[in-house]
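All remarks here apply to the structure that follows.
The values are calculated or read from the model by the stated rules, or taken from the named source; none is laboratory data. Just so it is clear, the model here is predicted, and its values are computed rather than measured. As a convention, Cβ positions derive from the backbone with ideal geometry for all residues, glycine included, and neighbour counts pool all protein chains shown.
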Ligand SMILES: *Cc1c(COP(=O)(O)O)cnc(C)c1O
C-alpha cells in the first residue's frame with residue numbers, strides 16, 4: 001500500500017486550528033516509506049521498537065526528530081539515549097531513573113512524557129493518578145537533571161464507544177492541567193505536551209485538548 005501523502009497534508013491542515021503537532025508512526029514500515037514522508041517535508045517520526053528505531057535512524061537523514069512511543073525496557077534505554085528527541089511512553093519511576101542515568105552519562109538531557117493509564121483495559125501501561133502525583137512530588141523534591149518532563153501521554157481504550165474514549169481523553173486533559181498547576185515555575189515552562197490520539201480517535205483527542213497526535217495506519221496503511 002502506498003503512503004498517503006494527501007492524507008498527511010489534510011491532517012496537517014486539520015491540526016492547524018488546534019496548534020497541535022503530528023508524529024508519523026512508522027513502526028514496521030520500510031525505510032522507503034519513511035523517505036517518502038521525509039521528502040514531503042515531514043520531520044517527526046515515531047517508532048515502537050528499539051532495534052528498528054536505531055536501524056532507521058542510521059539509514060535516514062539527520063534532521064529527523066525521533067520519538068520513541070513503544071514499551072521501553074530499562075536495559076535498552078542506552079541504545080536510543082544518544083539521539084532520541086522524545087521518549088513518549090515512560091510508564092514507571094524505574095524507567096524515569098534509568099533514562100536519567102543514561103542521559104547523565106552522555107552529559108545530556110532527554111525529553112520525556114509520562115504515560116498515564118487512562119484506558120479500561122489492564123493491558124495498557126502507565127502511571128495511575130496517585131503514582132503521577134507521587135512522581136511529580138519526587139521530581140520537585142530531588143530534581144533529576146538528566147531528564148526534562150515535557151508532559152503526558154495516554155492511550156484510550158480499544159473500543160467503538162466514542163463516549164468512553166472522550167471520557168478518557170477528558171480525564172487525561174484534566175490530569176495534565178492539575179499537574180501543570182502543581183509544578184513549580186522551574187518545571188512549568190517545559191510542561192507543554194499532551195500526546196493523545198491515533199488514527200481511530202485523533203479527532204476526539206484534538207477536541208479534548210491534545211497537542212500531539214500519533215498517526216500510523218492513516219498514513220502508511222494497515223500494519224501486518
Ligand atoms: C502504533 C501506535 C500508534 C499509531 O496507531 P495507528 O492506529 O496506526 O494510528 C500510536 N500510538 C502508539 C503508542 C502506538 O503504538
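Selection of region 74-94 for residues being more than 15 Å from the ligand (Cβ to nearest atom) and within 23 Å of residue 134 (Cβ to Cβ) yields 74, 77, 92, 93, 94.
Of all residues in region 184-211, those satisfying the criterion of being in contact with a strand residue (DSSP E or B) (Cβ under 8 Å, 6 or more places away or on another chain), within 17 Å of residue 165 (Cβ to Cβ), within 15 Å of the ligand (Cβ to nearest atom) and not in a helix (DSSP H, G or I) are 194, 195, 196, 197, 198, 199, 210.
Specify the residue that is surrounded by the fewest Cβ atoms within 10 Å (Cβ to Cβ); the eligible residues are those in region 212-224 that are touching a helix residue (DSSP H, G or I) at 6+ places or on another chain (Cβ under 6 Å) and part of a helix (DSSP H, G or I).
Filtering region 212-224 for residues that are touching a helix residue (DSSP H, G or I) at 6+ places or on another chain (Cβ under 6 Å) and part of a helix (DSSP H, G or I), the one surrounded by the fewest Cβ atoms within 10 Å (Cβ to Cβ) comes out as 218.
Considered as a group, the residues in region 150-179 that are under 12 Å from residue 116 (Cβ atoms) and not in a helix (DSSP H, G or I) include one that is farthest from the ligand (Cβ to nearest atom), and that residue is 151.
Restricted to region 176-185, and to residues there that are touching a residue at least 24 places away in the same chain (Cβ under 8 Å) and either exposed (fewer than 14 other Cβ atoms within 10 Å of the Cβ) or farther than 17 Å from residue 207 by Cβ (or both), the residue that is nearest to the chain's Cα centre (by Cα) is 179. Within region 154-163, is even one residue modelled with pLDDT of 95 or more, within 18 Å of residue 95 (Cα to Cα) and within 15 Å of the chain's Cα centre (by Cα)? Yes; the residues of region 154-163 include at least one that is modelled with pLDDT of 95 or more, within 18 Å of residue 95 (Cα to Cα) and within 15 Å of the chain's Cα centre (by Cα).
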